[in-house]
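Enquirer: Please find one structure pasted underneath; my questions will follow.
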């Protein structure tokens, strides 16, 4: 990610999620968590699912997004 790519005030970014990094397709400041609907600033984005092309706000949301609940596969 290039820090200059994310400059678009108050706009949702369009992101392509890869295995170890993501690519900004359309500049913006945030993406939406697929589980909670929360805005995730690009600088704080740490969790995503490559196959579903979804972002998650935190580890708990990522576990739900991947189908894991309580340590078991749902």
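Readers should treat all values here as calculations from the given coordinates under stated rules, not as data from a laboratory. Note that the structure is predicted; figures quoted are calculated from it, not measured.
Enquirer: What does the extension gain come out to for residue 12 and residue 51, with contour length at 0.36 nm per residue minus their alpha carbon separation?
Expert: Gain on extension, residue 12 to residue 51, equals 12.0 nm.
Enquirer: For segment 3-67, count the residues as N, evaluate 2.2 N^0.38 Å, and divide the Cα radius of gyration by that value, please.
Expert: Relative to the rule-of-thumb radius for its length, segment 3-67 sits at 1.02.
Enquirer: Could you calculate the contour length gain from residue 68 to residue 19, that is, 0.36 nm times the residue separation minus the distance between their Cα atoms, to one decimal place in nm?
Expert: 15.7 nm
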